[in-house]
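Data block below; observations after.
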Amino acid sequence: MCLISNISQLITNKKNINSEISIGGWVRNRRHSKIGITFINLYDGSCLEDIQIIASYKLNNYKNEILFITSGCSLKVIGKLKISPKKIQKYEIHASKIKVTGWVDNPGKYPISPKKHSLKYLREVCHLRPRTTIISSITRIRHNIALYIHNFLNKKKFFLINTPLITTLDTEGSGKMFKVSTLDFLNLKYEKNKKNFFKKDFFGKESFLTVSGQLNLETYACSMSKVYTFGPTFRAENSNTKRHLAEFWMLEIEIAFANLKNLINFAEKMLKSICKYILCFHENEISFLSKKTENNLFNKINKILLNKFIIIKYTKVIEILKNSKKKFSHSIKWGEDLFIEHEKYLTNTYFNNPVIIYNYPKKIKAFYMYLNSDKKTVASMDLLLPDIGEVIGGSQRENRIEIFDKRLKEFKLNQSDYWWYRDLRKYGTVPHSGFGLGFERLISYITGLYNIKDVIPFPRTPYNAKF
């Protein structure tokens, strides 16, 4: 069985023209001519292009099956591969045999008809939306970027670490985590002492789905130097914006003997390398998505690839925002985190460029970040992209145990809960740094689809986990 993505390679070899091939796929659309020929556009998801099948009335099942084929039907086709006489497609298959492997019940109610569907509508039929050109294109882009990242990091001598999805610690300190439990909460009497109550649970402690694999990843960075993890993370935020998901994928990187400056340089180089790869090897997909989204994605991607990122301190950013003539919905002052409107102003208007902001106030960042000499800020960084906002967040990690213990107290966290994490600071501590990259946000930027629900196969949001 040949894939459509392989056919162009067959055509380049003149010997394969007029040779018999076998192909399988789904019907995008079909039309019948008055002279007893049916034209069927078939796709198999392997590439952006469909292939046209020419079915003649001479086929045995033409009158009782082929004339009744509709969009969505699945077919197996055997026929001769030919150069197409029309410019619309490069090649076509003249069928000698067509087998309908799956019919569409009640074609009039088929959810993915040939007409245009809104992205909002497609979210309601996530199980079928990969059959559309736009979602299948995004899926291929997503796959290829993920594969490229693995290869890129492997060449840089990083090791992949599979960090746990179940944890007893809140990495970010937000408290917005999904509980993991085998207890029957409806029929158990809740005890005031949490420790006693959760001793009856599967893990003997209160457990959650992880918001980050970072803490576990650091243990391997402090013995294997360069490591990463790439997997799902979870946030129980009751937020239904275009930028948030309850389950999303994150690339997390940790590097031993690295400071914040090293981390910033690496993040910029990695993003530029990804963009170069996309433009070199996936030009057709980007061109298609540019038309679909009415965005010049080549310009957007080149903005990362060709421009030097703006690297600026948080304090300077606050001055820029306060002196701006733009009226923001949210006022800003030193010590507060930025809102998306502030991030977009910086990236889209003021700099018109990707921006890296560093040295945030310690009060708005996590307990594990390296405390700077001013005692007010931590060695942290956020990388912002135009239209999207924050895509990468990272920091140099606090490796000095005395300061780390003070930070735990400031955040009212129990030292005993972090005993194994403290051990990294007790036994052969090293300066080390790391970041997390929101994979869906990166895909959103590259594809021009700004609702994050459209770039993940099965979005998980409040009141939505039906697929």
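Hey, LYS115 hits all of (1) charged (D, E, K, R); (2) outside any loop (DSSP other than H, G, I, E, B); (3) more than 30 Å from SER225 (Cβ to Cβ) but one; which does it fall short on?
(2)
Go through region 306-325 and report how many residues are surrounded by 15 or more Cβ atoms within 10 Å (Cβ to Cβ) and under 24 Å from ALA146 (Cα atoms).
1
Please state which one of ILE340, ILE320, ILE364, ILE311 is in the same structural domain as TYR277 (by TED's automatic domain parsing), of a type outside the set (Gly, Ala, Ser) and within 30 Å of PHE281 (Cα to Cα).
One residue alone meets the criteria, ILE311.
Go through region 366-387 and give me each residue that's surrounded by 23 or more Cβ atoms within 10 Å (Cβ to Cβ) and in a loop (DSSP other than H, G, I, E, B).
Once the filter is applied, which keeps residues that are surrounded by 23 or more Cβ atoms within 10 Å (Cβ to Cβ) and in a loop (DSSP other than H, G, I, E, B), region 366-387 yields TYR368, TYR370.
Need pairs with beta-carbon distance below 9 Å; first residue over 12 Å from ARG397 (Cβ atoms) and at pLDDT 95 or above and within region 408-437, second hydroxyl-bearing (Ser, Thr, Tyr) and outside any helix (DSSP H, G or I); sequence gap 6+ or separate chains.
GLY436/SER212; GLY436/THR233
List the residue pairs whose Cβ atoms are under 9 Å apart, where the first residue sits in region 441-454 and is under 12 Å from GLY389 (Cα atoms), the second is assigned to a helix (DSSP H, G or I) and of a type in the set (Gly, Ala, Ser), and the two are 6 or more positions apart or on different chains.
Between residues of region 441-454 that are under 12 Å from GLY389 (Cα atoms) and residues that are assigned to a helix (DSSP H, G or I) and of a type in the set (Gly, Ala, Ser), the close pairs are TYR450/SER444.
What's the number of the condition HIS342 fails, among (1) over 19 Å from ILE274 (Cα atoms); (2) out of contact with any helix residue (DSSP H, G or I) (no Cβ under 6 Å at 6 or more places or on another chain); (3) surrounded by 16 or more Cβ atoms within 10 Å (Cβ to Cβ)?
Only one criterion is unmet by HIS342, namely (2).
Quick check: anything in region 312-328 modelled with pLDDT of 95 or more and in contact with a His (Cβ under 6 Å, 6 or more places away or on another chain)?
Yes, region 312-328 contains a residue that is modelled with pLDDT of 95 or more and in contact with a His (Cβ under 6 Å, 6 or more places away or on another chain).
Of all residues in region 411-459, count the ones that are outside any loop (DSSP other than H, G, I, E, B) and either in contact with a helix residue (DSSP H, G or I) (Cβ under 8 Å, 6 or more places away or on another chain) or buried (at least 21 other Cβ atoms within 10 Å of the Cβ) (or both).
Going through region 411-459 one residue at a time, the tally reaches 27.
Do we have SER118 as in contact (Cβ under 8 Å) with a residue 12 or more places away in the chain and polar (S, T, N, Q) here?
Spelling it out, it is not the case that SER118 is in contact (Cβ under 8 Å) with a residue 12 or more places away in the chain and polar (S, T, N, Q).
When ILE78 is evaluated against the numbered criteria (1) touching a residue at least 12 places away in the same chain (Cβ under 8 Å); (2) of a type in the set (A, V, I, L, M, F, W, C); (3) farther than 30 Å from ASN61 by Cα, which criterion, by number, is the only one it fails?
Failed condition: (3).
The values are calculated or read from the model by the stated rules, or taken from the named source; none is laboratory data. Everything numeric here is computed off the predicted structure, so don't read it as measured data. In this analysis, Cβ positions are derived from the backbone assuming ideal geometry, glycine residues included, and neighbour counts consider all displayed protein chains.
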